[in-house]
Amino acid sequence: MSFLPFTRPSIDEATIAGVAEVLRSGWITSGPQVKAFEAELSRYCGGRPVRTFASGTITMEVGLRLAGVGPGDEVITTPLSWVATASVILEVGARPVFVDVDPVTRNIDLKKIEPAITKKTKAIIPVDLAGLPVDRDLLYQLSKKHQLRVVEDAAQAFGASWRGRRIGSFGDLVSFSFHANKNITTAEGGALVLPDESLVPLTEKLRFQGVVRSGEDGMEVDVLGGKANMTDIAARIGLGQLPHLEEFTAKRRALARHYFERWDRSLGCELPPEDFGNSNWHMFQAVLPAGFPRARFIAAMREAGIGVGVHYPAIHTFSAYRALGYREGQFPNAERIGRETVTLPLFPAMELTDVERVVKAVNDIVRGARK
Ligand SMILES: Cc1ncc(COP(=O)(O)O)c(C=O)c1O
């Protein structure tokens, strides 16, 4: 039986041919494909302005800069995310203020945000972990009440929605990632949805060395910017992915449903909320029974020909963060989930029988270890 990875992008032949055309065209960095991809993304996001970037990480960093976050500011976020969520806060000179997660949704516990707000708090970065959206109604009630900006880390939430509205089509700044593992990919890349058109010029400057060209030969730089533009090669992949989004999401939902149908609840694992309205099912994550050795589980699954991912150890437990004063024990829900969670295979090219194979292997391993 062939190895089943925990994820794999689905890229069709038309997209591969399209990328070859871009490569032959003589224009391979940012150009017409980027413009076309941004126009399609904007259409998807209800007409809001969208600009693409080289990665989801730099997209978030630019989002924070546009929100005016800088040295001396605090940004509230979750410790249970890919480390980029917090690193970008440090990158702009601000301080991450972590708030523990809700053990059921595994997303930031919105009830715990108010006590963490200080005079220095400038923004909130919510993360839609595994594609399950943070409650946008409560989030924006909070941000309005305390006049905080929001940079949505929707890296994992492309294709998800909140009560019938697409993530990205409303709210403050919304950041997506198109890394290879995401629900649609450009290999590496990201996109920022802007709350209004007036931010477009600064966004474009921050993306490309601050440069503004004019006339035949004019060039001016009035702010410092990085080098974070998406290439036409990447954008062409994205253009080939977008038409498949609905089909990809539907398949992910069907596979997730099958996990719930087949899962043996007596194993003692914690499953995610059964949300088939909002989530895009970016990942299917189970929390192993308390004390179960995760490394042994992963090795045994590999033996059975199945890949397992680890997303993620709590950010504040990394040594670079401990050196800044964060300590183990501060956010027990995130720490426990971060230690015990496993990401099981879920991607559009999988079949329902693959889910059955995974569930059987999980049963054998967890039960076998208990004997
Ligand atoms: C929650 C979250 N935030 C940020 C990122 C950063 O995105 P990228 O890898 O495209 O830089 C990712 C993806 O890797 C992510 O999953």
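Among the residues of segment 63-90, which ones are within 12 Å of the ligand (Cβ to nearest atom) and within 17 Å of Val223 (Cα to Cα)? Within segment 63-90, Gly63 is the sole residue that qualifies. If we scan segment 92-109, do we find a residue that is of a type outside the set (D, E, K, R), outside any loop (DSSP other than H, G, I, E, B), open to solvent by 10 Å² or more (accessible area, probe 1.4 Å) and within 11 Å of the ligand (Cβ to nearest atom)? Checked segment 92-109: no residue is of a type outside the set (D, E, K, R), outside any loop (DSSP other than H, G, I, E, B), open to solvent by 10 Å² or more (accessible area, probe 1.4 Å) and within 11 Å of the ligand (Cβ to nearest atom). Within segment 177-225, being among the basic types (Lys, Arg) and exposed (fewer than 15 other Cβ atoms within 10 Å of the Cβ) holds for one residue alone: Arg213.
In segment 169-182, which residues are of a type in the set (Ser, Thr, Tyr) and within 16 Å of the ligand (Cβ to nearest atom)? Write out each step before concluding.
Quick first cut of segment 169-182, residues of a type in the set (Ser, Thr, Tyr) only: 169, 175, 177.
Of everything in segment 169-182, those that are of a type in the set (Ser, Thr, Tyr) and within 16 Å of the ligand (Cβ to nearest atom) turn out to be Ser175, Ser177.
If you go through segment 142-163 and keep only what is away from the ligand (no atom under 16 Å from the Cβ) and either over 16 Å from the mean Cα position of the chain (by Cα) or part of a loop (DSSP other than H, G, I, E, B) (or both), you end up with Leu142, Ser143, Lys144, Lys145, His146, Gln147, Leu148, Arg149, Arg163.
Yes/no matrix, rows are residues, columns are (1) under 17 Å from the mean Cα position of the chain (by Cα); (2) not polar (S, T, N, Q):
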{"residue": "Ser2", "(1), (2)": "no, no"}
{"residue": "Ile11", "(1), (2)": "no, yes"}
{"residue": "Pro49", "(1), (2)": "no, yes"}
{"residue": "Thr52", "(1), (2)": "yes, no"}
{"residue": "Thr78", "(1), (2)": "yes, no"}
{"residue": "Ser81", "(1), (2)": "yes, no"}
{"residue": "Ser87", "(1), (2)": "yes, no"}
{"residue": "Asp100", "(1), (2)": "no, yes"}
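Which residues, counting only those in segment 32-61, are at negative phi and not in a helix (DSSP H, G or I)? Please lay out each step first, then the result.
The initial filter retains those residues of segment 32-61 that are at negative phi, namely 32-45, 48-61.
Hits for segment 32-61 are Cys45, Arg48, Pro49, Val50, Arg51, Thr52, Phe53, Ala54, Ser55.
Selection over segment 322-371 of residues that are part of a loop (DSSP other than H, G, I, E, B), of a type in the set (Gly, Ala, Ser) and more than 24 Å from the chain's Cα centre (by Cα) gives a count of 3.
Only one entry in Arg166, Arg136 is more than 16 Å from the ligand (Cβ to nearest atom), under 18 Å from the mean Cα position of the chain (by Cα), open to solvent by 40 Å² or more (accessible area, probe 1.4 Å) and at negative phi, namely Arg166. Of the residues making up segment 188-208, at least one is in a helix (DSSP H, G or I), of a type in the set (D, E, K, R), within 16 Å of the ligand (Cβ to nearest atom) and closer than 13 Å to Leu66 by Cα.
For segment 43-62, filtering for residues that are open to solvent by 10 Å² or more (accessible area, probe 1.4 Å) and either of a type in the set (Phe, Trp, Tyr) or away from the ligand (no atom under 14 Å from the Cβ) (or both) leaves 7. As for segment 123-131, it holds no residue that is at pLDDT 95 or above, open to solvent by 20 Å² or more (accessible area, probe 1.4 Å) and not in a loop (DSSP other than H, G, I, E, B).
The values are calculated or read from the model by the stated rules, or taken from the named source; none is laboratory data. Predicted, not measured: the structure shown is a model, and the values here were computed from it. In this analysis, Cβ positions are derived from the backbone assuming ideal geometry, glycine residues included, and neighbour counts consider all displayed protein chains. For accessibility, only protein heavy atoms count, side chains too; no ligands or nucleic acids. Shrake-Rupley method; radii C 1.70, N 1.55, O 1.52, S 1.80 Å.
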